[in-house]
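This report refers to the structure that appears directly beneath it.
The values are calculated or read from the model by the stated rules, or taken from the named source; none is laboratory data. All values reported here derive from a predicted model rather than from experimental measurement. Cβ sites come from the backbone with ideal geometry, for glycine too, and all protein chains shown count toward neighbours. All accessible areas refer to the heavy atoms of the entire protein, side chains included, with ligands and DNA or RNA removed. Shrake-Rupley method; radii C 1.70, N 1.55, O 1.52, S 1.80 Å.
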Amino acid sequence: MRVIVPAGEGRAVKVSTGQRVRVTDLDGGQVGDVFAFAADDVSEHLSASHTRAAISRLFPLVGEQFVTDRRRPILTLVADTSPGRHDMLIAACDPARYRALGVPGFHASCADNLGESLSRLGLACPGIPQPVNVFMRIPVADDGRLSWLSSVSRPGDAITFEAAMDCVFVLSACPQDLVGINGHQPTPLAIDLITQGESER
């Protein structure tokens, strides 16, 4: 099953244990904010900070797991055809972020996309977890400074996760067009759900 996530919007899908979910950058250069929640209790969510502590890395390698705020595995990174530049440091963009950047009125945000995506499934989360920002390039310099660089993912590049528990997977095709992470022109992403034993092609 393929779900297209239009530029600047978000979508949520339910994923069963053992099922794989692939995020594809359709046009290249687009960041995706990934969130995941335990299916039976959305107060438990994928936690970037707990994952960093569990793996002692800024981002997992293929074969390593993302964990929740209760330190339980929720997703395993099983494949990555992109250059491998992803981020687990930066918060989801939200209305306050755009006001700080000088936007006077409404601007779509990953935080709003998360809430709207969950609401379509009749769900709501109590807060906005820090996302896993796939295809996002935020290098850390020796002095600790962060750089906001454009994504280097190419058309068709993909990252694939396997669900370690029944979960709700949310993807926002980040609408950020003021900072250059998306090349100032957000584009769509795709979610593919792949059942065990099914070809990933």
### Query
Here is a list of conditions, (1) open to solvent by 50 Å² or more (accessible area, probe 1.4 Å); (2) among the small types (Gly, Ala, Ser); (3) closer than 22 Å to Asp192 by Cβ; (4) in contact (Cβ under 8 Å) with a residue 40 or more places away in the chain, and Ser49 meets all of them except one; can you say which number that is?
(3)
### Query
For region 118-158, how many residues meet the condition of being assigned to a loop (DSSP other than H, G, I, E, B), in contact with a Pro (Cβ under 9 Å, 6 or more places away or on another chain), open to solvent by 30 Å² or more (accessible area, probe 1.4 Å) and not charged (D, E, K, R)?
2
### Query
Residue check, Tyr98 against (1) surrounded by 16 or more Cβ atoms within 10 Å (Cβ to Cβ); (2) of a type in the set (Phe, Trp, Tyr); (3) over 18 Å from Gly10 (Cα atoms), all met but one. Which one?
(3)
#### Entry: Of all residues in region 163-196 being among the acidic types (Asp, Glu) and open to solvent by 50 Å² or more (accessible area, probe 1.4 Å), the one that is nearest to Pro6 (Cα to Cα)
Asp177
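Could you say which residue among Ala79, Ala111, Ala92 is assigned to a strand (DSSP E or B), open to solvent by less than 40 Å² (accessible area, probe 1.4 Å) and modelled with pLDDT of 95 or more?
Details: Ala111 fails: assigned to a strand (DSSP E or B); Ala92 fails: assigned to a strand (DSSP E or B).
Residue meeting the stated conditions: Ala79.
Before we move on, is Leu178 assigned to a loop (DSSP other than H, G, I, E, B), under 16 Å from Cys110 (Cα atoms) and hydrophobic (A, V, I, L, M, F, W, C)? It would help to see each step written out before you state the result.
Working: assigned to a loop (DSSP other than H, G, I, E, B): yes; under 16 Å from Cys110 (Cα atoms): yes; hydrophobic (A, V, I, L, M, F, W, C): yes.
Against the criterion (assigned to a loop (DSSP other than H, G, I, E, B), under 16 Å from Cys110 (Cα atoms) and hydrophobic (A, V, I, L, M, F, W, C)), Leu178 qualifies.
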